[in-house]
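Let me begin by presenting the structure, written as structure tokens, before commenting on it.
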């Protein structure tokens, strides 16, 4: 460099220190006199040619070119990144030096346009956006090649570096004030979802793997949502604004404008719109140009018009290097996907119903405060994507330095967008929970009010409980299994069987038997009701194939109506069932009259005890039935066993019902009782009624009793389950009628005794015909028979039953074991307190929480 200075002194207007590496683009923009003085420089192809010109003794321009070349060579030795940049600039400069500024060249032939003060050649630029022309006059050659002046590329690099500083150290308060200053809504409301569907549809095809004849769900979705008159009218009204935004984005990207400034400029253009509309309009503007690029990419090989347009946008060149550019487009599409997710979250927030959530509720207010920032960074991301695409189409695929900068920006923006989306999503989920709770509360209050009002028929109530709309047939008819509407229940007594999927086969079997018997008597009032099964499932868990299989199994066996699917039952209805009718997991049977009025919160107890005799299953009917009842054997076995009911009771025989699972005690008790009966000369029948739990042990006991012929025994385990279910129903029915545990009710105390015996082990009850003589625990009833000699002398005088009772009661007073009741938490209405059923005690019982496992998977819900 020093040698050059010695050989060629610098011109008077220039010193050596001011000599800079030549900007090839700036040489293209020099006035024509410069080109006349240094045509060799204007035609320079590379540095070697320039040096060759210098050796041949060319003019000062050649020496200056040689100096610039030397400086460039020194810069190439510094680092690889600067070398690549210099080479890229030389490539662009060399390509452009062969092209004269068309406007200037044409000026030698055509006169200036005095109206516009532009050269006629620049009239081609009138096809560009108007504001581009007001800011600068672009050479037509540049417009035709799709390239931009080199100084714009330098500005773009400075823009990206400036953005990096803003990401790291920007004043958020200043930025937020700028964002809010762009927001001046005028009250207009814009339903942006149809426009967003179009944007989503366009972006779904903007991939290198998108086929020409691609068809996907977006198109059908768009057909459903947007091909409507009002939507088309809306888009027509917005098309001009979308086009303006698209032009603004293109201009700013081509001119290397700062990303923040561009974003604020776009927000000013949509200042009158709500925040969600601002973002969707910006997305639509970007999708318009981005979709055009990909449309050309997919059609240029088969359509001549598309091919010519694609050449202007360098699409074929980009597609030829699609492999190396794949990660660039992936970064753009990934960022756009994150922006779309964030946009949907913003729209979802804007659509939250104000009826159920106020804007001052912290989750909602927190999310709303984030929306302006979210919209800003989303639009900023759209600008970054547009800049990346513009850079590819303007500079080609070989420029890697600025593309690295852009990739960094896309990655940083994607991370920021994801963070904002996660924040909004968390608050949105909390808002949904809040709204869901409010809606359920409103629906619950509506249901409560519905049951307090008199109706013409039961349709309003049934629609509220089962399914409120008419778009599907919500019921399945029992016998034909065809789908039907709720109208089939109009003005009928309706029994709602409410249960989970774990309803036991025993319960269904007994209920089906009672239901079928009522259908057989067509002229009786009992046949004037319809039964509907309402399955209740926790929908917070996923619906699984085993659940579906269980549901299908249950509906296939039911002869009555059933709900088509558990998912159609609203959760507010489930809450209503739990709070008003005390539904837990055990089935309940709610009775509604033809006007939808509630007649009984749970008639299942009445159904178990009296069958269809309890029709119409009202509370008053239940009270009347209890008034006529006494503690007798028919109450325990009525409708269950014709041998006990028709033979033993009618013949006035002595009858012993006994239960438990201890087979040794059963052997000893039955043999001893039979021997005492023979000694006393009485006819004694015994029946084993099992136990409410420990199903497998009871099965073994039933088998032993049958094989050894120890006594009469039910062969169907369902009958044993029904015996204890009826007994438990009696207790719940009594509590339901009286609302309290009445220790002065002798019938209730006897029921409690048997239930307590069942929990304590083995027991027995002596009856004479239908009259129940006495009952007791295993120890006292067996001891009374073993000590027959102590009371046998009273048998001839007082009778077998009285003599046994007197002796047994003395033993019971001396040996009273603890009384115990167990109620499943899923049983529904559980008494708050209980009194001891033993006549000598009657104290208030202590309350415990018990955890029980009988090693039977069905023991809690399927006792048998």
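Some values worked out for this structure:
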quantity: Rough spin-label spacing in nm, given labels placed 7 Å along Cα→Cβ, for residue 802 and residue 675; calculated: 2.8 nm
quantity: Neighbour-count order for 247, 841, fewest beta carbons within 10 angstrom listed first; calculated: 841, 247
quantity: Global geometry of the stretch 682-766, whether rounded, prolate or oblate, following the gyration tensor of its Cα atoms and the 1.5 cut on a/c; calculated: prolate
quantity: Neighbour-count order for 520, 176, 765, 702, fewest beta carbons within 10 angstrom listed first; calculated: 520, 176, 702, 765
quantity: Residues residue 235 and residue 355, FRET efficiency given R0 of 22 Å [Cβ-Cβ distance, rounded to 0.05]; calculated: 0.15
quantity: Gain upon complete extension [residue 613, residue 469; 0.36 nm per residue less C-alpha separation]; calculated: 48.3 nm
quantity: Rounded to 5, the percent of DSSP beta bridges in the stretch 442-545 classed as antiparallel; calculated: 20 percent
quantity: FRET efficiency, 1/(1 + (r/R0)^6) with R0 56 Å, evaluated for residue 308 and residue 484 via beta carbons; calculated: 0.30
quantity: Gyration tensor verdict on the stretch 459-612 (Cα atoms; rounded if a/c is under 1.5, prolate if a/b is larger than b/c, oblate otherwise); calculated: rounded
quantity: Modelled label reach - residue 455, point 7 Å along Cα→Cβ, the stretch 472-511 residues with backbone N closer than 15 Å; calculated: 486-496
quantity: Exposure proxy ranking, count of Cβ atoms within 10 Å, fewest first, for 241, 554; calculated: 241, 554
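Every number here is computed from the coordinates shown, using simple stated rules; none is lab data. It should be emphasised that the depicted structure is a prediction, and the values quoted were computed from it without experimental measurement. Don't worry about glycine lacking a Cβ; one is built from the backbone with ideal geometry, like all the others, and counts go over all protein chains shown.
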